[in-house]
There are 2 protein chains.
Amino acid sequence: MPRFMDVHEGMHGITDEALRAAHQADLDIQDDEGVDFQRAWGDPESGMVWCVSEAPDAEAVKRIHERAGHPTTTVYPVPVEV
Amino acid sequence: MPRFMDVHEGMHGITDEALRAAHQADLDIQDDEGVDFQRAWGDPESGMVWCVSEAPDAEAVKRIHERAGHPTTTVYPVPVEV
């Protein structure tokens, strides 16, 4: 399944607990779209968060994130990785 | 050790082989700065590449990437992760 990197802005001050809760909100509904959210990293100072997922397409990633309460329009396919 | 997410732009058309070679160039010299490059993902279409590393600080990440031939000024600490 294709892999994606999505980017969130404006999450200033994000904590481990908040990121875990946001990730869990994705996990709770991701099966609806066949998405598998795998990892996420956050920088409380800049407010940036990145998530790696596998999904049928970028739109599925966006729909899950939107329903989970943290929408983003910035989702890149990452077919290349090491 | 602190973890970092760095972002590269302009790597349009990047292939698995090219990303692997770039990553290896980092690995070859990363011990000089105590950096541990762990994963990287690339989008050939947008030219974006993201790398996750552990390092003493962001400047060490920048120095290794610069010496390896793929400099970036965009290195975020990511103390929060799931």
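The values are calculated or read from the model by the stated rules, or taken from the named source; none is laboratory data. Given the structure is predicted, the values throughout are model-derived calculations rather than measurements. Reconstructed Cβ throughout: ideal geometry from the backbone, glycine too, with neighbour counts over all protein chains shown. The protein model used for the area step is the full one, side chains on, heavy atoms only, and it has no ligands, DNA or RNA in it. Shrake-Rupley method; radii C 1.70, N 1.55, O 1.52, S 1.80 Å.
Above 14 Å lies some portion of the pair distances; for segment B:38-82, what is it as a whole percent of all C-alpha pairs? I get 55 percent for the Cα pairs in segment B:38-82 exceeding 14 Å. Taking the Cα centroid of segment B:68-82 and of segment A:11-32, what is the distance between the two, rounded to the nearest whole Å? Spelled out, the Cα-based centre of one part sits 22 Å from the other. Using C-alpha pairs below 8 Å separated by at least 6 residues, the relative contact order for chain A is 43 percent. Using Cβ point charges alone (K and R +1, D and E -1), the dipole size of segment B:17-82 about the Cα centre works out to roughly 140 debye.
Between the helical axis of A:58-67 and the dominant principal axis of chain A, each derived from Cα atoms, what acute angle in degrees is found, rounded to the nearest 10? Between helix and principal axis, roughly 40 degrees. B:TYR76 sits with roughly 50 Å² accessible to a 1.4 Å probe, with DNA, RNA and ligands left out of the calculation. Taking R0 as 35 Å, what's the FRET efficiency between A:ASP36 and B:THR73 from their Cβ-Cβ distance, rounded to 0.05? It comes to 0.60. A drop of at least 10 square angstrom in accessible area, chain alone versus all protein chains together, probe 1.4 Å. Which residues of segment A:55-82 meet that? Residues shielded by partner chains are A:TYR76, A:PRO77, A:VAL78, A:PRO79, A:VAL80, A:GLU81, A:VAL82.
Ligands, DNA and RNA aside, B:VAL75 has an accessible area near 20 Å² when probed at 1.4 Å. Rolling a 1.4 Å probe over the protein heavy atoms of chain A, with every protein chain left in place, gives an accessible area that is 47 percent carbon and sulfur. Note on chain B: helix-only mean residue ellipticity at 222 nm, from DSSP H runs of 4+ residues weighted -39500 (n - 2.57) and normalised by residue number, equals -9000 deg cm²/dmol.
Distances between every pair of Cα atoms in the protein assembly as shown, grouped in 5 Å steps from 0 to the bin holding the largest one, split as 2, 9, 18, 21, 20, 15, 9, 4, 1, 0 percent. Inter-label distance, B:GLU59 to B:GLU9: 2.5 nm, where each label sits 7 Å from its Cα along the C-beta direction. Taking one quarter of the surface of the convex hull spanned by the alpha-carbon atoms of chain B gives a direction-averaged projected area of 5.0 nm².
Where does helix B:16-29 land angle-wise versus the long Cα axis of chain B, in degrees 0 to 90, nearest 10? Tilt of helix B:16-29: around 30 degrees. Amide H contacts for B:GLY47 (H built 1.01 Å from N in the peptide plane; partners 5 or more residues away or on another chain; cut-off under 5 Å): B:GLY13. Chain A and chain B together bury an accessible surface of about 2300 square angstrom, both sides counted, with a 1.4 Å probe and no ligands or nucleic acids included.
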